[in-house]
Amino acid sequence: MPRKAKVDTESKRSEERKHAESVHAVNDKIDKLQETPPRHLENISSRLWVQLVPALNKSGLATSIDKTSLEAYCIAYAMMRKAWEDIKKNGATYTTDSGRTYKNPNVDILSDNLQKMKTLGAELGLSPQSRTNLVDTMTDDGSEDFKDIMAQFGGK
């Protein structure tokens with residue numbers, strides 16, 4: 001059985017750090033996300049927008065280019081909440097007059113929107129894992145590569 005090639009993890013981390021620094025440099029030139037939610041978002045989505053935007057702007061990772069992804073995240077959140085409220089009120093299943101039991105359609109809506117939130121949230125840095133990956137990438141491991149990158153961007 002052939003052996004797998006050993007991956008140079010230090011080189012990979014160095015490349016990831018360079019990429020993260022490049023992203024920050026580009027994002028610094030792009031407008032931040034608008035603080036006020038888009039008018040077409042409804043109450044639940046708008047409230048989430050208002051909660052998330054300050055943190056996203058402070059992180060420097062999300063910019064006005066990410067507006068559509070954030071809108072989709074906020075809409076998925078509202079859909080998830082509405083589906084959950086219906087499931088709490090009416091149950092995960094219902095029985096017809098003829099005695100047949102069916103799954104409440106909101107169970108699928110809840111599941112679909114939770115998955116959308118997970119995917120979009122990771123893209124926007126809203127999950128603990130995506131933030132951990134970023135911190136790991138940006139952490140100074142004392143290498144000369146890291147110091148060179150930081151010097152290019154005015155860091156020490």
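Length available on full extension from LYS32 to THR68: 0.36 nm per residue minus the Cα-Cα distance, which gives 11.6 nm. Distance between the pseudo-spin-label points of ARG100 and LYS82 (7 Å out from Cα toward the beta carbon): 2.6 nm. When peptides 73-84, 54-65 are sorted by average Cβ neighbour count within 10 Å, with the highest value leading, the order is 73-84, 54-65. Distance between the pseudo-spin-label points of SER111 and GLU42 (7 Å out from Cα toward the beta carbon): 2.3 nm. Gain on full extension, evaluated as 0.36 nm per residue between SER127 and LYS89 minus their Cα-Cα distance, stands at 10.8 nm.
A short reminder: the numbers here are calculations on the coordinates, not readings from a lab. Remember, it's a predicted structure, so these values are computed and weren't measured experimentally. All Cβ positions, glycine included, derive from the backbone under ideal geometry; neighbour counts span all protein chains shown.
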